[in-house]
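Take a look at the structure set out below.
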Amino acid sequence: QAKAAGRNAMCFFDPDMQEVMNARVILESDLHKSWERNEFVLHYQPQVDGNGVVGAEALIRWQHPRRGLLPPAEFITQTEETGLILPLGNWVLEAACIQLATWSERPETAGLNLAVNVSPRQFCQPDFVELVISTLERSGADPHRLKLELTESVLVHNMDETIAKMTALKAKGVGFALDDFGVGYSSLYYLKRLPLDWVKIDQSFVRDVPTDANAATIVRAILLLAKSLELAVIAEGVETAAQRDFLVKHGCTAYQGYLFSPPLPLDQFEEFMAGRDGQR
Ligand code: C2E
Ligand code: MG
Ligand code: MG
Ligand code: MG
């Protein structure tokens, strides 16, 4: 008994474990401070079709005082666990809507859509619909330009409630995309029942076309499926011309990826748009 307890105690003070816990405590405390100090920023990654840039996806970054610019993989899970995702998600939505309203006043950016990632916890808030509508109204953004990206984890909660929320927002003009499509368990039944506008083919499949036969088959199947369900498709993570050519050949019409542009800070995104103005 005592020996077992002793071993457990040893385990607890295992230096590696201690380090992991310290890192976690520091991260959580940094996150709370960063929220007060406005250290979060949005980057914008262009989304293109055959004619040029049609929109952007807003992607959050954390300008960490010691560690530099951090991608969401370094902190999003912790914000979900601590609940900080709620104010943070509201901030993203607000910043995105304000940006949309600003873009609509300039010729080079007037027609752009903006995609915003919504976390499951945020979407499940009882007042999510009202929040989106009031944010749109306050900012003056055109609801038809806002695309909300949901992942499958939203769907597992309550299908009817999910559909009701999506329907209410769609009535205002807001569009919906199913992000990371193909990696989860989405039954075709879900896909058909949900009032979606877009599916985004997950980058793990895009990465392996055209060389990997399985990935190629899956991507072709997703494109056919989307077509028969009358959903638009966007491929994410397009890095090479060979990947794009494969996608074009099989009927994909919209793309996002390093081949076109990485996510950019606002000023660089606007320069990118100004530079491409003549090509649209
Ligand atoms: P996601 O929504 O699937 O976003 C696409 C991710 O792929 C982004 O990573 C983007 O930078 C990356 N990407 C784009 N093109 C390429 C490419 O050609 N090659 C490769 N290898 N990667 C590419 P990022 O910005 O690190 O974001 C990761 C995830 O974090 C996002 O995945 C999304 O799930 C989440 N996220 C980002 N911003 C927000 C936010 O504001 N709110 C919430 N809740 N989640 C966010
Ligand atoms: Mg996304
Ligand atoms: Mg994705
Ligand atoms: Mg992803």
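The values are calculated or read from the model by the stated rules, or taken from the named source; none is laboratory data. Just so we're clear, the structure is a prediction, and the values are computed from it rather than from any experiment. Note that we place each Cβ from the backbone using ideal geometry, even for glycine, and neighbour counts take in every protein chain shown.
If you go through segment 59-91 and keep only what is crowded, with 16+ Cβ neighbours inside 10 Å and aromatic (Phe, Trp, Tyr), you end up with Trp62, Phe75. When the residues of segment 224-264 are filtered to those that are at pLDDT 95 or above, part of a helix (DSSP H, G or I) and touching a strand residue (DSSP E or B) at 6+ places or on another chain (Cβ under 7 Å), the one that is nearest to ligand 4 (Cβ to nearest atom) is Leu247.
Taking the condition over 30 Å from Ile163 (Cα atoms), within 16 Å of ligand 2 (Cβ to nearest atom) and within 18 Å of the chain's Cα centre (by Cα), does Ser186 pass?
Taking the combined requirement at face value, the residue does not satisfy it.
Just to be sure before I move on: is Ser153 modelled with pLDDT under 95, within 16 Å of ligand 3 (Cβ to nearest atom) and in a helix (DSSP H, G or I) in the structure I sent? Lay out the reasoning, then the answer.
On the way: modelled with pLDDT under 95: yes; within 16 Å of ligand 3 (Cβ to nearest atom): yes; in a helix (DSSP H, G or I): yes.
Here the answer is yes, as Ser153 does meet what is asked.
For first residues located in segment 91-109 and under 19 Å from Ala274 (Cα atoms), partners that are among the hydroxyl-bearing types (Ser, Thr, Tyr) and in a helix (DSSP H, G or I) and lie 6+ apart or on another chain with Cβ distances below 6 Å form the pairs Ala101/Ser139. Count of segment 134-150 residues, restricted to those that are more than 19 Å from the chain's Cα centre (by Cα), surrounded by fewer than 16 Cβ atoms within 10 Å (Cβ to Cβ) and in a helix (DSSP H, G or I), is 3. Collect the residues in segment 16-49 that are in a helix (DSSP H, G or I) and closer than 30 Å to Gln268 by Cα, keeping them in residue-number order. Scanning segment 16-49 gives Leu27, Asp30, Leu31, His32, Lys33, Ser34, Trp35, Glu36. I'd like to know if segment 220-242 contains one or more residues that are over 24 Å from Tyr190 (Cβ atoms), surrounded by fewer than 19 Cβ atoms within 10 Å (Cβ to Cβ), without any contact (Cβ under 8 Å) to a residue 24 or more places away in the chain and not charged (D, E, K, R). Yes: segment 220-242 contains one or more residues that are over 24 Å from Tyr190 (Cβ atoms), surrounded by fewer than 19 Cβ atoms within 10 Å (Cβ to Cβ), without any contact (Cβ under 8 Å) to a residue 24 or more places away in the chain and not charged (D, E, K, R). Would you check which residues across segment 187-212 are surrounded by fewer than 18 Cβ atoms within 10 Å (Cβ to Cβ) and in a loop (DSSP other than H, G, I, E, B) and list them? Those that are surrounded by fewer than 18 Cβ atoms within 10 Å (Cβ to Cβ) and in a loop (DSSP other than H, G, I, E, B): Ser187, Pro195, Asp197, Pro210, Thr211, Asp212.
Answer yes or no as to whether Ala95 is of a type in the set (A, V, I, L, M) and either farther than 25 Å from Asp197 by Cβ or more than 15 Å from the chain's Cα centre (by Cα) (or both).
No; evaluated as a whole, the condition is false for this residue.
Evaluate segment 264-273: report whether one residue or more is surrounded by 16 or more Cβ atoms within 10 Å (Cβ to Cβ) and within 15 Å of ligand 3 (Cβ to nearest atom). For segment 264-273, residues surrounded by 16 or more Cβ atoms within 10 Å (Cβ to Cβ) and within 15 Å of ligand 3 (Cβ to nearest atom): absent. Checking Gly140, Gly184, Gly175 one by one, the residue that is within 16 Å of ligand 3 (Cβ to nearest atom) and at pLDDT 95 or above is Gly175 and no other. Identify the residue in segment 151-168 that is within 21 Å of Glu94 (Cβ to Cβ) and more than 18 Å from the chain's Cα centre (by Cα) and, among all such residues, is farthest from ligand 4 (Cβ to nearest atom). Step by step, filter segment 151-168, then rank; the result is Ala168.
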